[in-house]
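Asker: Structure provided below as structure tokens; questions to follow.
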Amino acid sequence: MTHSIEVDMLSVFAGPTRLMGPVSFSVAPGGTLVIMGETGAGKSLIAQAILGTLPGALRAEGHITINGSRVDTLPVAERAAMWGHELATLPQEPWRALDPLMRAFRQVTESYRFVAGHPPVQAREDTAEAFQALGLSGAEDRLPGALSGGMAQRVAFAAATAGKAPILIADEPTKGLDAARHAKVVDLLAKVPATGGTLLAITHEVAVTRRLGGHVVVLRDGQLVEQGPAKTVLSAPADSYTRALLDADPQCWPHSNPHSAGDVILTAQDLAIARDGKHLIDGFNLSLKQGERVALTGPSGIGKTTLLDALAGLLPPASGHVTRAQGLSRHAVQKLYQDPPAAFPTRIPLEKSLRDVARLHKTDWGFVLRTLEHLGVRPSLLSRRPDEVSGGELQRISIARALTVRPSVLLADEPTSRLDPITQRDTLRLLEKVAAEENIAVVLVTHDRHIADKWADRILKLAK
Amino acid sequence: MNAFARMALATLATRGVQAIIVAVIVGIVSFAMMQALPGDAAYRIAAGRYGYDMMDAASADAVRAELGLDQPTLVQLWAWLKTLAQFDLGTSAVYGTSVADEIASQLGYSLLLAAGAVVASLLIALPLGIASGLRPGGLLDSMSLAVSIFVRSIPAFALGIVLVLVFAVQLKLFPVAGFQGFSNLVLPSLTLGLGLAAVSNRVIRDAVVDAMSADWRLFARTKGLSARLTLTRHVLRNAALPVVTYIGVQLAYLIEGVVIVESVFAWPGIGHALVHAIFGRDIAMVQGTALVLGLTYVALNLCVDLACRGIDPRGRTA
């Protein structure tokens, strides 16, 4: 039988340096292959090598065969001819993968029109059907900037699969999506092999691997750690790294120590919030005690971020009150952001960013250094720019930055949703530790119910 | 009414208010600057009317009395603003003709020159910028950067004189100055266009580099669109946005350039007229031309605004 994808001794090089490999695997039609590993493990390089989209400075070695024909020796133009027809790709960041100036419907229509080759009227009908089937009704005239992450990923899915390519390559398709959308996207992917297609999925999430099954390849620092059927790898991992990866799945976390709460330091009374004239949340009540850990969950788009802004005093509430305990300045409430690179000025070395905060709030620089040490951040990292450290390191530095202000309350907006599982677990553990030591109350917004269960003292669920 | 029309009306209203503010400020500032010039305006105007040999102190005094130049400054300003409020630009102090009529015939020439300059700059900058942007760091890219810096460093009048010397005096390809036909348009347009293109080709290059390295461009390719379709349906539109915005920024350079280049080439336009009016202390003419230049600037900015909104659907409430 011809395999859909067959990879033999594939390595990727940057000059003389081997970044990834060698790996060998194959998937049959109707099969699923999941590549697991942390960010920087080289998972995406495999996808790019198969597609033929490796950046110019990188070079692939080894054999790649798609539907029985060898492709790694083909010129770029011939490999590009397979895109959309034989190989479909789901992008990593759906928002960035859609043309910001074109409405969602047209971005899918053009796939039916030019890739599938349907006449205009039929292409529009096909698009309407796809929008219906994917639950995208109402999003037709929206621009990508106005789509939620889950919607954008489904629009990208519709656009990518219009050409009915039998092989789908999905690179971290669930990055940054909330629990409900997460499940929907994974369900969508699971349908691919069920209907005879071939799925190659790349993920760092154990839950996604568990749901998709098939054959699993585990990578670490570009090296193949182990591979085998999902059942075996997930239940009886042969390698200690795979085991660590599995343990980092929030489902397997131990419960955090409950905190004996102190005085109330922040209260929200009958709070209602709105953003851009849109009514979001009503009748929200909270009384937050010193050192307490509260998880805030709810579907995306319900206004969790806006609620945090209101609690932080960054946004006036539509009605109701947010009251800080007496003697607390507004700086006593600090916020941690979802996307750490977006929360730092790009071209400024990290040390300058931190020193500025320390100077402004008259905090001793020694305190900042001790906090960083505590969070396991090497001081040598501070001379770098935000894009020169890893996401996990940057998020720990942003925790240190927030602590520099000596806050009593930390409002954390999905601070680990973009981090690898092991990094996520470590970061949240550290956050728990420093919060306990400094007696800081933390409100953690998360879309992962397991994290909420295991990490927080109590959970507040927001519902429509 | 659709979203674009609604938005266009809002933009129109904003720019309309802006136009009124610009008119008042330009009027007052140009009036103040004319007052601040040394020498006796009545003498210069009389000299302009009768010639230096034919005038004396008596004719200067007659001019002073006729134009009310002996009145207090604020009274003169108020008189001008009053006539302006009736959409009357007054009469030329030197020629006695209607300022509006003078400007009407000159403005057309200036707009022709400005359009010629923009066309020339796009003819140069578009191919150069796109080709450089498709191969960033390549030979063409590095060379266009060096040449752009060089050309932009030359003031417009010097560039104009160099072009005249080479193409008109030496090669005799185009006329030196004046306006007899469209062959006269080439050198002044090129003078201004080169200055504009020197910067805009780099802006176009950056826009193309950004668009070509964007995630959405790769996704458009991997979803199956050909390189050509990706370029025409996605890359050009996204790259056009910063370019059109930048052309709006260049309008200031363009208007300033028109004044200088018209003088170099004796072009019968509004800038040439402005310079002459300043020398002749033709106060009404100066104020009228400055005002029209200011309003043209607002009007052109409005066109750029509408073009940007047309390209970019974001911010339109659907």
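Asker: Considering only helices (runs of 4 or more DSSP H) fully contained in region A:199-309, which possess at least 2 residues that are in contact with a Ser or Thr (Cβ under 8 Å, 6 or more places away or on another chain)?
Answerer: So the answer is A:206-212, A:230-235.
Asker: Checking the conditions here, which among B:Val176, B:Val208, B:Val235, B:Val203 is part of a helix (DSSP H, G or I) and surrounded by fewer than 23 Cβ atoms within 10 Å (Cβ to Cβ)?
Answerer: That would be B:Val203, the only listed residue that is part of a helix (DSSP H, G or I) and surrounded by fewer than 23 Cβ atoms within 10 Å (Cβ to Cβ).
Asker: Just give me the residues in region A:167-218 being under 25 Å from A:Pro340 (Cα atoms), among the small types (Gly, Ala, Ser) and crowded, with 23+ Cβ neighbours inside 10 Å, in sequence order.
Answerer: A:Ala170
Asker: Pick from B:Arg228, B:Arg202: which is within 30 Å of A:Glu93 (Cα to Cα), among the basic types (Lys, Arg) and within 14 Å of another protein chain (Cβ to nearest Cβ)?
Answerer: Only one candidate qualifies: B:Arg228.
Asker: Next question, about the same structure. From the set of residues in region B:231-241 that are more than 10 Å from every other protein chain (Cβ to nearest Cβ) and more than 20 Å from A:Leu51 (Cβ to Cβ), which is nearest to the chain's Cα centre (by Cα)?
Answerer: B:Ala239
Listed here are the residues, each with its yes/no results for (1) surrounded by fewer than 20 Cβ atoms within 10 Å (Cβ to Cβ); (2) within 14 Å of another protein chain (Cβ to nearest Cβ).
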site	(1), (2)
A:Gly21	no, no
A:Gly31	yes, no
A:Val34	no, no
A:Lys43	no, no
A:Ile64	no, no
A:Leu74	yes, no
A:Ala81	yes, yes
A:Ala88	no, yes
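Asker: Cβ-Cβ below 8 Å, separation at least six or inter-chain, first residue in region A:438-459 and closer than 16 Å to A:His259 by Cβ, second hydroxyl-bearing (Ser, Thr, Tyr) and not in a loop (DSSP other than H, G, I, E, B): which pairs?
Answerer: Every condition considered, the pairs that remain are A:Ala452/A:Thr297; A:Ile459/A:Thr297.
Asker: What are the residues in region A:182-198 that are among the β-branched types (Val, Ile, Thr) and either assigned to a strand (DSSP E or B) or at positive phi (or both), if any?
Answerer: Hit for region A:182-198 is A:Thr198, nothing else.
Asker: Going residue by residue through region B:184-201, is there one that turns out to be more than 18 Å from B:Ser121 (Cβ to Cβ) and either β-branched (Val, Ile, Thr) or in contact with a Leu (Cβ under 8 Å, 6 or more places away or on another chain) (or both)?
Answerer: no
Asker: Also, I was wondering about something else. On the basis of being away from every other protein chain (no Cβ under 12 Å), in contact (Cβ under 8 Å) with a residue 12 or more places away in the chain and surrounded by fewer than 17 Cβ atoms within 10 Å (Cβ to Cβ), does A:Gly150 make the cut?
Answerer: Taking the combined requirement at face value, the residue does not satisfy it.
Asker: Output yes when any residue across region A:335-342 is part of a loop (DSSP other than H, G, I, E, B), aliphatic (A, V, I, L, M) and surrounded by fewer than 16 Cβ atoms within 10 Å (Cβ to Cβ), and no when none is.
Answerer: Looking for residues that are part of a loop (DSSP other than H, G, I, E, B), aliphatic (A, V, I, L, M) and surrounded by fewer than 16 Cβ atoms within 10 Å (Cβ to Cβ), one finds none in region A:335-342, hence no.
Asker: Please work out if A:Leu177 is outside any helix (DSSP H, G or I), closer than 18 Å to A:Glu93 by Cβ and within 13 Å of chain B (Cβ to nearest Cβ).
Answerer: No; evaluated as a whole, the condition is false for this residue.
Asker: Another question, if that's okay. Could you check region A:93-110 and list, in sequence order, the residues that are in contact (Cβ under 8 Å) with a residue 60 or more places away in the chain and more than 8 Å from chain B (Cβ to nearest Cβ)?
Answerer: Matches in region A:93-110: A:Pro94 only.
Residue-wise test of (1) in contact with a Pro (Cβ under 7 Å, 6 or more places away or on another chain); (2) not aliphatic (A, V, I, L, M).
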residue	(1), (2)
A:Ala159	no, no
A:Ile169	no, no
A:Asp187	no, yes
A:Glu205	yes, yes
A:Leu212	no, no
A:Gln227	no, yes
A:Ala230	no, no
A:Asp239	no, yes
A:Ala244	no, no
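Asker: In the list A:Ser398, A:Ser380, which residue meets the criterion of being in a helix (DSSP H, G or I) and without any contact (Cβ under 8 Å) to a residue 24 or more places away in the chain?
Answerer: On inspection, the qualifying residue turns out to be A:Ser380.
Asker: Select from region A:111-124 the residues that are within 17 Å of B:Thr232 (Cβ to Cβ) and in contact (Cβ under 8 Å) with a residue 40 or more places away in the chain and write down the one among them that is nearest to the other protein chains (Cβ to nearest Cβ).
Answerer: Here the answer is A:Val115.
Every number here is computed from the coordinates shown, using simple stated rules; none is lab data. Computed from a predicted model, the values in this text were never measured in an experiment. No Cβ is skipped: glycine too gets one built from the backbone with ideal geometry, and neighbour counts run over all protein chains shown.
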